[in-house]
Amino acid sequence: MTEQEDEFLHIDPLEEAYRESIAEIPQVTESLEKHKTALLVIDLQYLDAARGCGVFADLENSPVPTEAQEYYFNRLDESVFPNVRRLQDCFREHSLEVIHTRIQSLTKDGRDRGPGHKRLGLHAAPGSKEAEFIESVAPIGDEIVINKTASGVFNSTNIEYILRNMGITGLFIVGVYSNECVSTAVRDACDRGFYVTVIEDAIATVTPELQNATVTTLKDRYARVMTTVEALQEINRVVED
């Protein structure tokens, strides 16, 4: 392989075309300006985002190594929770919708769960601690809560019907895990024609490699990628109360 051929393997030949078609189109900010963009907060609950609870109840015997758990929870505490709250406050101040998803079955024994969640042993029964939202980023008032028992909220719930009913055309997406439920929501939303923005410092997963790979894959292919500061600046500049 020549040096020129090797260099080609490290270049995305479609990057510019996708960026111009997905991330840099005026409809993204127009949706925000017209109050048609919502904040979608994914699975910030005790099942998967709290130390010593849910999938992390048995820390010593968890399949996630201690180092990965520390990375994940430190990222949640230091970046995700505070940034999500800042975004929630901003959306609320501008009368923009804040929508929450969580993993929760319809039944106490979880017999309605998706096959994948059954195989993984993921279960948050109605009224359980695992189904509760993390307090600092929990819903307030009559904000919409959508329960799901699969990774993809668009594939397993009526969220698209709800968003269409409210005239929502854009989504800012935050939550966990970056490479699983967040990534699936982003891709599915994009495929359905929503203008998607991912807030990179308000999503988390269990390793830096998975985090970085997910952001790289989604960026400009399926969504804009912004920091919390950039998002807040745009919202405050574009949205008129």
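No lab work stands behind these numbers, since they all come straight from the coordinates. What you see is a predicted model, and the numbers here were worked out from it, not measured in a lab. As a convention, Cβ positions derive from the backbone with ideal geometry for all residues, glycine included, and neighbour counts pool all protein chains shown.
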ALA57: without any contact (Cβ under 8 Å) to a residue 24 or more places away in the chain, out of contact with any strand residue (DSSP E or B) (no Cβ under 9 Å at 6 or more places or on another chain) and farther than 20 Å from VAL215 by Cβ, yes or no? yes
Would it be correct to say that GLU209 is free of Cβ contacts under 8 Å to residues at least 40 places away in the same chain, more than 15 Å from the chain's Cα centre (by Cα) and closer than 18 Å to ASN179 by Cβ? yes
Which of the residues spanning the stretch 133-184 are over 15 Å from the mean Cα position of the chain (by Cα) and of a type in the set (Lys, Arg)? ARG164
The condition from (1) in a loop (DSSP other than H, G, I, E, B); (2) hydrophobic (A, V, I, L, M, F, W, C); (3) out of contact with any strand residue (DSSP E or B) (no Cβ under 7 Å at 6 or more places or on another chain) that ALA68 misses is numbered (1)
Does any residue of the stretch 223-236 turn out to be in contact with a Cys (Cβ under 9 Å, 6 or more places away or on another chain), among the polar types (S, T, N, Q), over 18 Å from ALA23 (Cβ atoms) and surrounded by fewer than 19 Cβ atoms within 10 Å (Cβ to Cβ)? yes
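Say whether the condition of being among the β-branched types (Val, Ile, Thr), out of contact with any Asp or Glu (no Cβ under 8 Å at 6 or more places or on another chain), more than 29 Å from ASP142 (Cβ to Cβ) and loosely packed, with under 12 Cβ neighbours inside 10 Å is met by at least one residue in the stretch 56-64. First the steps, then the outcome.
Taking the stretch 56-64 and keeping what is among the β-branched types (Val, Ile, Thr), we get 64.
Checking which are out of contact with any Asp or Glu (no Cβ under 8 Å at 6 or more places or on another chain) leaves us with 64.
So of that shortlist, the ones also more than 29 Å from ASP142 (Cβ to Cβ) come out as 64.
From the residues that got through so far, the ones that are loosely packed, with under 12 Cβ neighbours inside 10 Å too are none.
No, there is no match, as no residue in the stretch 56-64 is among the β-branched types (Val, Ile, Thr), out of contact with any Asp or Glu (no Cβ under 8 Å at 6 or more places or on another chain), more than 29 Å from ASP142 (Cβ to Cβ) and loosely packed, with under 12 Cβ neighbours inside 10 Å.
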Output the residue which, of all residues in the stretch 65-98 that are in contact with a Leu (Cβ under 9 Å, 6 or more places away or on another chain) and closer than 15 Å to THR207 by Cα, is surrounded by the fewest Cβ atoms within 10 Å (Cβ to Cβ). THR66
Qualifying residue in the stretch 194-209 (condition: under 30 Å from GLY110 (Cα atoms) and either out of contact with any Ser or Thr (no Cβ under 7 Å at 6 or more places or on another chain) or charged (D, E, K, R) (or both)): yes
In the stretch 216-241, which residues are within 21 Å of GLN88 (Cβ to Cβ), touching a Ser or Thr at 6+ places or on another chain (Cβ under 9 Å) and not basic (Lys, Arg)? ALA223, VAL225, MET226, THR228, ALA231, GLU234, ILE235, VAL238, VAL239, ASP241
Qualifying helices (runs of 4 or more DSSP H) (wholly inside the stretch 90-204; at least 1 residues being touching a residue at least 40 places away in the same chain (Cβ under 8 Å)): 153-156, 159-165, 183-191
Give the residues of the stretch 226-241 that are acidic (Asp, Glu) and either under 12 Å from LEU32 (Cβ atoms) or part of a helix (DSSP H, G or I) (or both), sorted by residue number. GLU230, GLU234, GLU240
I need the full set of residues from the stretch 33-78 which are acidic (Asp, Glu) and under 26 Å from LEU96 (Cα atoms), in order please. GLU33, ASP43, ASP77, GLU78
Can you tell me how many residues in the stretch 155-180 are surrounded by fewer than 24 Cβ atoms within 10 Å (Cβ to Cβ), within 15 Å of ILE103 (Cα to Cα) and not β-branched (Val, Ile, Thr)? 5
